[in-house]
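Accompanying notes for the structure given below.
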Amino acid sequence: MRKKIVAGNWKMNKDVIGAQQLMSDLLNYTRENKPSCEVWIAPPALYLMMAKDLYENNEVGVFAQDISIHDSGAYTGEISAEMLESIEADGSIIGHSERRQYHGETDALCFEKIKKALAKNLTPIYCNGETLEQRKAGKHLEVVQEQTENALFGLTAEEVKKVIIAYEPVWAIGTGETATPEQAQEIHAHIRKVLASKFGEEVAQSISILYGGSVKPDNAKEIFSQKDIDGGLIGGAALKIEDFSKVIEGFNA
Ligand code: PEP
């Protein structure tokens with residue numbers, strides 16, 4: 001059985017008071033409601049230790065939003081896999097489209113980052129997805145296939161099984177535009193087919209593939225009901241407990 005996951009990407013939002021509040025609201029929510037999926041958050045790095053202290057029984061998974069390809073040294077502003085391991089973080093988002101867009105991250109760099117994460121037993125959430133131009137040109141399957149191959153085909157089958165993939169069409173992130181459940185399902189099934197071609201059907205069937213891009217309380221249930229969609233990576237709707245809890249409940253129906 002593949003893991004079902006709802007993960008919140010907080011991006012660069014919340015001051016310390018706001019972060020504390022949302023983290024403890026989420027703890028109360030998970031205690032009272034026993035969600036039927038795993039609940040993860042990726043707050044700004046500054047708040048990761050606070051989250052680990054609060055979720056002492058791992059009620060909520062704690063993820064970084066990025067990870068360095070370097071082990072240590074003169075890399076101002078970066079956080080290494082070893083540092084994340086030392087605070088017992090659960091993993092890291094890798095290759096988010098905002099990292100690709102604003103920091104020039106490539107699939108090859110993502111591969112290096114995924115290797116660093118796996119070497120420290122951290123779960124990588126590898127993001128891919130096409131731009132609007134690529135979709136309009138009918139290249140979406142091809143683009144996502146290439147991103148999947150470039151970042152994951154250098155792994156062993158044992159390694160790739162530990163990766164979570166998040167398909168996030170760039171045109172749907174933070175725009176209010178959501179891929180239809182059918183559009184998302186088409187890509188998820190394709191990613192699984194691509195994985196199966198390299199690693200075999202059993203491995204491909206074991207990997208959780210999340211959808212991200214304007215998932216909200218009113219569309220979560222329909223998106224999560226698709227055969228190859230194993231949950232969501234949630235941006236805007238992860239910033240308020242009222243919304244995030246309803247997205248999590250998209251799995252309860
Ligand atoms: C994201 O940034 O990963 C994301 C899916 O954002 P939003 O839900 O706001 O579109």
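So in the stretch 206-229, with the set limited to residues that are within 15 Å of the ligand (Cβ to nearest atom) and assigned to a loop (DSSP other than H, G, I, E, B), which one is surrounded by the most Cβ atoms within 10 Å (Cβ to Cβ)? Before you say what the answer is, go through the steps one by one.
The first filter runs over the stretch 206-229 and keeps only residues within 15 Å of the ligand (Cβ to nearest atom), leaving 209-220, 223-224, 229.
With assigned to a loop (DSSP other than H, G, I, E, B) added as a condition, the list becomes 213-219, 229.
Numbers: G213: 27, S214: 21, V215: 29, K216: 17, P217: 17, D218: 13, N219: 18, I229: 22.
The qualifying residue surrounded by the most Cβ atoms within 10 Å (Cβ to Cβ) is V215.
Listed here are the residues, each with its yes/no results for (1) under 28 Å from S24 (Cβ atoms); (2) surrounded by fewer than 24 Cβ atoms within 10 Å (Cβ to Cβ); (3) in contact (Cβ under 8 Å) with a residue 40 or more places away in the chain; (4) within 16 Å of the ligand (Cβ to nearest atom).
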| residue | (1), (2), (3), (4) |
| --- | --- |
| V163 | no, yes, yes, no |
| Y167 | no, no, yes, yes |
| T178 | no, yes, yes, yes |
| P181 | no, yes, yes, yes |
| A184 | no, no, yes, yes |
| A196 | no, yes, no, no |
| A204 | no, yes, no, no |
| I248 | yes, no, yes, yes |
Odd one out for L239 among (1) of a type in the set (A, V, I, L, M, F, W, C); (2) more than 16 Å from the ligand (Cβ to nearest atom); (3) over 18 Å from K4 (Cα atoms) | (2)
Within the stretch 125-133, identify whether any single residue is away from the ligand (no atom under 16 Å from the Cβ) and at pLDDT below 95, and answer yes or no.
-> yes
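Taking I248, is it within 15 Å of the chain's Cα centre (by Cα) and part of a helix (DSSP H, G or I)?
Working: within 15 Å of the chain's Cα centre (by Cα): yes; part of a helix (DSSP H, G or I): yes.
Yes, satisfied.
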Mind checking which pairs have a first residue in the stretch 13-29 that is at pLDDT 95 or above and a second that is surrounded by fewer than 18 Cβ atoms within 10 Å (Cβ to Cβ) and of a type in the set (V, I, T), Cβ under 9 Å, 6 or more apart or different chains?
-> Q21/I241; L22/I241; D25/I241; L26/I241; N28/I241; Y29/I241
State the number of residues belonging to the stretch 124-148 that are under 14 Å from the mean Cα position of the chain (by Cα), more than 15 Å from G213 (Cβ to Cβ) and either surrounded by fewer than 19 Cβ atoms within 10 Å (Cβ to Cβ) or of a type outside the set (S, T, Y) (or both).
-> 1
Within the stretch 92-110, how many residues turn out to be hydrophobic (A, V, I, L, M, F, W, C), part of a helix (DSSP H, G or I) and crowded, with 21+ Cβ neighbours inside 10 Å?
-> 1
Checked A117, A89, A151, A74 against criteria (assigned to a loop (DSSP other than H, G, I, E, B), more than 16 Å from the ligand (Cβ to nearest atom), modelled with pLDDT of 95 or more and surrounded by 21 or more Cβ atoms within 10 Å (Cβ to Cβ)); the one match is A89
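The values are calculated or read from the model by the stated rules, or taken from the named source; none is laboratory data. None of these values were measured; they are calculated from a predicted model. Note that each Cβ is placed from the backbone with ideal geometry, even for glycine, and that neighbours are counted across all protein chains shown.
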